[in-house]
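Down below is the structure, laid out as structure tokens.
The values are calculated or read from the model by the stated rules, or taken from the named source; none is laboratory data. Bear in mind the structure is a predicted one, so any value in this text is a computation, not a measurement. When we count neighbours, we look across all protein chains shown, and the Cβ atoms used for this are built from the backbone with ideal geometry, even at glycine. What goes into the accessible areas is simple: the full protein's heavy atoms, side chains included, and nothing from ligands, DNA or RNA. Shrake-Rupley method; radii C 1.70, N 1.55, O 1.52, S 1.80 Å.
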Amino acid sequence: MTKVRIFVTYKQSVFDPQGETIKDAIHTLGHDEVKDVQVGKFFDVTVEETGKGVEKTIEEIADQLLVNFNMETYKYQVMEED
């Protein structure tokens with residue numbers, strides 16, 4: 001079994017209203033040194049596969065369900081592999 005974390009974020013070319021709102025709030029707290037905030041989401045997935053099988057499964061899940069490729073992108077990280 002393999003545990004994988006999939007990170008989904010806005011593409012750099014897409015305006016991130018949540019990120020801008022959070023950045024403004026941080027500036028209100030006096031932290032003007034913060035120049036950018038990007039908001040995203042992550043999914044922890046456990047797969048009953050290892051190796052290349054995991055890669056194929058994660059790519060299919062992301063491509064078909066988790067990511068809107070018009071405005072989002074993704075990456076993933078293997079957290080634990082048995």
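A residue that is touching a residue at least 24 places away in the same chain (Cβ under 8 Å) and either open to solvent by 80 Å² or more (accessible area, probe 1.4 Å) or in contact with a His (Cβ under 8 Å, 6 or more places away or on another chain) (or both) occurs somewhere in region 28-41. Among the residues of region 42-76, those that are open to solvent by 90 Å² or more (accessible area, probe 1.4 Å) and either in contact (Cβ under 8 Å) with a residue 60 or more places away in the chain or of a type in the set (D, E, K, R) (or both) comprise Asp44, Glu48, Lys52, Lys56, Lys75. Restricting region 12-27 to residues that are of a type outside the set (A, V, I, L, M) and open to solvent by less than 70 Å² (accessible area, probe 1.4 Å) leaves a set whose member that is farthest from Leu65 (Cα to Cα) is His27.
As a summary of the residue check, Gln38 satisfies the conditions (1) of a type outside the set (Ser, Thr, Tyr); (2) under 16 Å from Met1 (Cα atoms); (3) under 16 Å from the mean Cα position of the chain (by Cα) except for the one numbered (2).
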